[in-house]
Amino acid sequence: MEQAKSGCLRLTVSLSLARILALFTSTMLPCVIAHAQVGSAPYPSRPVTVIAPYSPGAVTDGEGRLYVQKLSETFGQQFVLDFKAGAGTTIGMGYVARSAPDGYTLMFAASTYPIVPLIYKSLSFDPIKAFAPVSLLSKRSTLFVVHPSLAVKSVAEFVAYAKARPSAINYGTAGLGGIQHLSGAWLNGLANIDTTFVHYKGGGPMQTDLMAGRVHATFLSFLTGMNMVKAGKLRILGVANFERSPALPDMPTVAEQGIPEFEYSSWLGLLAPAQTPAAVVEKLSSELARIVKAPEIVQRLSSEGILIGSTPEAFRRYINVETERWRKLVNETGIKFEE
């Protein structure tokens, strides 16, 4: 009798185990398989959003669109440029910092990026550590421009005009504490002049007022500035880089015109949220290194500066150098970002 009961017990356990396995096979196994298939899908398997934390009209509305278009063609998936401007680029940056680190939300970063941690001390994210560098795409010539109504044709004349008329020149910036503000304040300090800063919520509105003559001077990337210069809307006083622009070999630099310490280069790079898989970062970086050498990109952009397409590590080193350069400047000059 006991032996019979033991056999029944083993049979019951076996049947129960069989039912559990059957239940798992019919309900859970398909989910596991589906999850494995998603995880192993080649990147990108769906559209990718590239955030520009600037307003339309900034550098990402020109050069950035070229890269987004080429990435879409390369991967056969749509890369969408989405502008999220405001609060000195921190709205767009915060959005990307909080996004899933899966490669489907990326961000363009420009020259103002290393300045953000110097200005904003109480953000909910670390402006540097929250992102994984993907590639430094380019370094471009930067132009010191004025509205034609300002009766100056060189940096020396600009300085003399400003000294004779303190605060009379309205200097436009894309935002309080941004790269244009910092560069303008640095120029003021080196030249011992005083201009009136007029801060806008983005580059687009500032450029509109600059062309209309409501503000008189600023620094612009070559790509943005030359279009306005060719249209007769602006005048170039000098190139802000230490090196002359290959497209303007006869235009002297600001440093050559009596302010030897001054140098400001425009640049553009691509970032991903921190913890994005290294394989995704490397794949994007490798493709971008190829894209910047594409004939149509070279033809469009090479005269404006240097096309780079760096490795992630090289871009990380560049960000660190730029951050420390601007930090040293702020400390040495005592520039304040509060009005």
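The values are calculated or read from the model by the stated rules, or taken from the named source; none is laboratory data. These numbers come from a predicted model, not from an experiment. As a convention, Cβ positions derive from the backbone with ideal geometry for all residues, glycine included, and neighbour counts pool all protein chains shown. Keep in mind that these areas ignore ligands, DNA and RNA; they rest on the heavy atoms of the full protein, side chains included. Shrake-Rupley method; radii C 1.70, N 1.55, O 1.52, S 1.80 Å.
Please pick out the residue among LEU81, LEU71 that is crowded, with 16+ Cβ neighbours inside 10 Å and in contact (Cβ under 8 Å) with a residue 60 or more places away in the chain.
None of the other options fit; the residue is LEU71.
When only residues in the range 162-174 that are in contact (Cβ under 8 Å) with a residue 12 or more places away in the chain and surrounded by fewer than 16 Cβ atoms within 10 Å (Cβ to Cβ) count, which is farthest from VAL215 (Cα to Cα)?
From the range 162-174, those in contact (Cβ under 8 Å) with a residue 12 or more places away in the chain are 162-163, 166-174; that's our starting set.
Remaining after also requiring surrounded by fewer than 16 Cβ atoms within 10 Å (Cβ to Cβ): 163, 166-168.
Details: LYS163: 18, PRO166: 15, SER167: 12, ALA168: 10 Å.
The extreme case among them is LYS163.
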Problem set entry | Members of the range 159-171 found to be assigned to a loop (DSSP other than H, G, I, E, B) and either within 13 Å of PRO252 (Cβ to Cβ) or basic (Lys, Arg) (or both), listed by number | ARG165
For this session: Residues that are modelled with pLDDT under 85: find the helices (runs of 4 or more DSSP H) completely inside the range 4-118 holding 3 or more of those.
Result: 29-39
For this session: Can you confirm whether the range 151-158 contains a residue that is at pLDDT 95 or above, within 31 Å of the chain's Cα centre (by Cα) and not in a helix (DSSP H, G or I)?
Result: yes
Exercise. If you scan the range 280-307, which residues turn out to be farther than 24 Å from PHE222 by Cβ and without any contact (Cβ under 8 Å) to a residue 60 or more places away in the chain?
Worked result: GLU282, SER286
For this session: Would you mind finding the one in LEU182, LEU190 that is over 24 Å from THR89 (Cα atoms), part of a helix (DSSP H, G or I), touching a residue at least 24 places away in the same chain (Cβ under 8 Å) and not basic (Lys, Arg)?
Result: LEU190
Exercise. Residue check: is ASN192 in contact with a helix residue (DSSP H, G or I) (Cβ under 9 Å, 6 or more places away or on another chain), within 27 Å of ASP250 (Cα to Cα) and loosely packed, with under 15 Cβ neighbours inside 10 Å?
Worked result: yes
Seminar exercise, completed: Screening GLU313, GLU322, GLU304 for residues that are acidic (Asp, Glu), within 16 Å of the chain's Cα centre (by Cα) and open to solvent by 10 Å² or more (accessible area, probe 1.4 Å) leaves only GLU322
Exercise. Here are some conditions: (1) within 16 Å of PRO273 (Cα to Cα); (2) open to solvent by less than 10 Å² (accessible area, probe 1.4 Å); (3) touching a strand residue (DSSP E or B) at 6+ places or on another chain (Cβ under 8 Å). GLY94 meets all but one. Which one does it not meet?
Worked result: (3)
Seminar exercise, completed: Residues in the range 242-255 that are closer than 17 Å to ASN188 by Cα and of a type outside the set (A, V, I, L, M) total 1
For this session: Go through GLY213, GLY258, GLY177 for me and flag whichever is open to solvent by less than 10 Å² (accessible area, probe 1.4 Å), on the phi > 0 side of the Ramachandran plot and not hydroxyl-bearing (Ser, Thr, Tyr).
Result: GLY177
Seminar exercise, completed: Of those in the range 261-301 that are surrounded by fewer than 20 Cβ atoms within 10 Å (Cβ to Cβ) and of a type in the set (Gly, Ala, Ser), the residue nearest to ASN241 (Cα to Cα) is SER265
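From the residues in the range 126-146 that are in a loop (DSSP other than H, G, I, E, B) and in contact with a strand residue (DSSP E or B) (Cβ under 9 Å, 6 or more places away or on another chain), which one is farthest from VAL229 (Cα to Cα)?
By that ranking, first place goes to ALA130.
For the range 216-246, which residues satisfy the criterion of being open to solvent by 40 Å² or more (accessible area, probe 1.4 Å) and either closer than 18 Å to ALA162 by Cα or in a loop (DSSP other than H, G, I, E, B) (or both)?
From the range 216-246, those open to solvent by 40 Å² or more (accessible area, probe 1.4 Å) are 227, 230-233, 235, 242-244, 246; that's our starting set.
Of everything in the range 216-246, those that are open to solvent by 40 Å² or more (accessible area, probe 1.4 Å) and either closer than 18 Å to ALA162 by Cα or in a loop (DSSP other than H, G, I, E, B) (or both) turn out to be ALA231, GLY232, LYS233, ARG235, PHE242, GLU243, ARG244, PRO246.
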Problem set entry | Unique match (being farther than 23 Å from GLU296 by Cβ and either in contact with a helix residue (DSSP H, G or I) (Cβ under 7 Å, 6 or more places away or on another chain) or of a type in the set (S, T, N, Q) (or both)) among ALA85, ALA110, ALA97 | ALA85
